[in-house]
C-alpha cells in the first residue's frame with residue numbers, strides 16, 4: 001500500500017533498516033548491562049583462588065561501547081538489509097490481490113530461510129547443552145585416583161619467618177611429631193606438591209646404563225620443569241628419558257592419601273629426617289611401565305639429568321605405588337617419582353593428614369588442632385592454607401575452568417534454547433496467521449479441531465526433528481572435543497545425550513503446540529471474511 005500511494009523503494013528500505021537498527025541498539029544496550037553483571041559474577045568466582053587482592057573495573061570504556069555499536073550496525077545490515085530489499089521489490093499488483101500472496105507463500109515456502117534459521121538454532125542449542133552437561137559431569141567426577149574423604153591440608157613455609165634449613169628441618173620434625181599424636185589422626189606426612197593444585201614440578205628420569213633411555217652420558221642442558229596453571233602436565237618419553245611429576249615427601253605419605261604400595265616399601269623415618277644415607281626413590285606404575293617394560297623396578301638405579309650435581313647421582317628404587325592423576329585434565333594416571341624429604345629439603349611444604357573419621361566436624365576439629373600445635377611451636381611460622389583436600393581441589397584453577405566451562409555453556413545453551421523456542425513459535429505462529437483462510441476453508445468443509453491441530457503440529461514436528469537430527473551431529477563432535485579435555489567423561493555419555501535432547505524437544509514442542517492450539521480456535525466465517 002505504501003508503494004501504491006507513491007512511496008519510493010529506497011524510503012521503504014530506510015524505514016525497515018531504521019526499525020532494525022533500533023532493535024539492535026536496544027539489544028546491544030541490554031547486552032552491555034548483562035555483561036557488566038556477568039563480569040562481576042566471573043570475578044567473584046576467581047577472586048578466592050588468587051593469592052593477591054586485585055581490583056578490576058568492569059565498567060565498559062569507549063572502545064567497548066564503540067564495539068557494541070559496531071556489532072549492532074553489522075547485525076542490522078546482515079539480517080535486515082536482505083528482508084528489507086526483498087520487501088521493497090514486492091510487486092504492488094500481486095500483493096494487493098486478496099489472499100494471493102498469502103496462499104502462495106503458505107504453499108511454496110513451507111521450508112524456507114526462516115525454517116533453516118530455526119533448524120540451526122535448535123542444532124546449536126543441542127550442542128551447547130551437551131557441552132554444558134559433559135563439563136558438569138567432569139567436575140563431579142574429578143577424582144585423582146585416591147580418596148579425598150578425611151584428608152586435610154596445611155601449607156607452611158618457615159623460611160618466610162627467617163628459618164634456615166637446619167631450623168626448618170627441626171620445625172617440620174616437631175610438627176609431624178605433634179600432629180601424628182592428635183586424636184583420630186591415622187597418618188601424617190609432608191609433600192612439596194599437591195594433586196589438582198596449580199603448581200607442578202617435573203623431572204626427566206633416566207635409567208642408569210640404559211643407552212636407549214639416554215643413560216649413557218648425563219645431558220647438562222636438561223633439568224627441572226616447573227609449571228603454574230591448569231594445563232595438562234603432559235609427561236612423556238623422549239631422548240632424555242621419561243618426564244615425571246616430581247614430589248618431595250615424608251614417610252607415611254601414601255597412607256595419608258590412601259595410595260596403596262604395590263611392591264617394596266615406603267620411606268623410613270631416617271629417610272624423612274636425615275640428609276645422609278643411601279639415595280632412594282619411589283615410582284608409580286606409569287613410570288615403571290615406561291622405564292622398565294616387562295621387568296621389575298625394585299633395586300634398579302635411576303637419576304635426573306641436569307645441571308645440578310646432586311641430580312646426577314643415582315637413586316635406588318625401593319617402592320612401587322599405584323598410579324594417580326596429577327591434574328584434572330589428565331585422562332590417565334601420569335608418571336610420578338617420589339624422593340624423601342630428608343634428602344631433598346624444601347622450605348615450602350604441605351602437611352597431609354588422614355582422619356579416621358570423615359565428615360565436616362571431624363575435619364574442622366583436625367584443622368583447628370593442627371593450627372594450634374603449629375602456633376604452640378612458633379607463632380612466627382606463616383600458615384598459608386588450612387583446608388580439606390576436597391575444598392583444595394574445588395578451589396584449584398583446573399576445577400574452576402571445568403566449572404566455569406559448564407556454567408558458560410549452560411548459559412549459552414539456555415540462551416540458544418530460548419532463541420530456538422522463540423524462533424519455532426514465531427515461525428509457526430506467523431505461518432498459522434498467513435494460513436487462516438486455508439484453515440477456515442478446511443474447517444468449513446468439515447475438518448475438526450483435532451485434524452487442524454495435527455496439520456499445524458505435524459509441520460512443527462518436522463522442523464524440530466530436522467533440528468535435533470542436525471544437532472546430534474554437532475553434539476557428537478562437541479562430545480569428542482570435551483572428552484579429550486576432561487577425564488572419565490565419555491564422548492557419548494548416555495545420560496547427557498538423553499537429557500539434553502529431551503529438554504530441548506519438550507521446549508520446542510511446546511512452542512509448536514501453542515500456535516497449533518490457536519489454529520483450532522479459528523472461526524470459519526471470520527477466517528473467510530478476513531481477506
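The values are calculated or read from the model by the stated rules, or taken from the named source; none is laboratory data. Note that the structure is a prediction, hence the values are computed from the model and not measured. So basically every Cβ, Gly included, is an ideal-geometry build from the backbone, and we count neighbours across all protein chains shown.
What to note about this one:
- Test result for residue 383, at pLDDT below 90 and crowded, with 21+ Cβ neighbours inside 10 Å: no
- Positions within the range 263-286 being loosely packed, with under 15 Cβ neighbours inside 10 Å and more than 19 Å from residue 302 (Cα to Cα), in sequence order: 269, 270, 274
- Members of the range 227-257 found to be closer than 19 Å to residue 332 by Cβ and modelled with pLDDT of 60 or more, listed by number: 242, 243, 244, 245, 246, 247, 257
- Within the range 240-262, the set of residues being surrounded by fewer than 18 Cβ atoms within 10 Å (Cβ to Cβ) and assigned to a strand (DSSP E or B) comprises 261, 262.
- Restricting attention to the range 4-36, the residues that are assigned to a loop (DSSP other than H, G, I, E, B) and in contact with a helix residue (DSSP H, G or I) (Cβ under 7 Å, 6 or more places away or on another chain) add up to 1.
- Selection status of residue 428, crowded, with 17+ Cβ neighbours inside 10 Å and within 30 Å of residue 169 (Cα to Cα): no
- Residue match in the range 439-449 (condition: within 47 Å of the chain's Cα centre (by Cα), within 12 Å of residue 516 (Cα to Cα), surrounded by 15 or more Cβ atoms within 10 Å (Cβ to Cβ) and in the same structural domain as residue 502 (by TED's automatic domain parsing)): no
- Evaluation of residue 405 against (1) buried (at least 21 other Cβ atoms within 10 Å of the Cβ); (2) assigned by TED's automatic domain parsing to the domain that holds residue 115 (one fails), failing number: (1)
- Check on residue 380, over 31 Å from the mean Cα position of the chain (by Cα) and in a helix (DSSP H, G or I): no
- If you check 510, 480 for being at pLDDT 75 or above, touching a helix residue (DSSP H, G or I) at 6+ places or on another chain (Cβ under 8 Å) and in a helix (DSSP H, G or I), only one passes: 510.
- Only one of the numbered conditions (1) part of a helix (DSSP H, G or I); (2) over 16 Å from residue 506 (Cβ atoms) is violated by residue 463, and that is (2).
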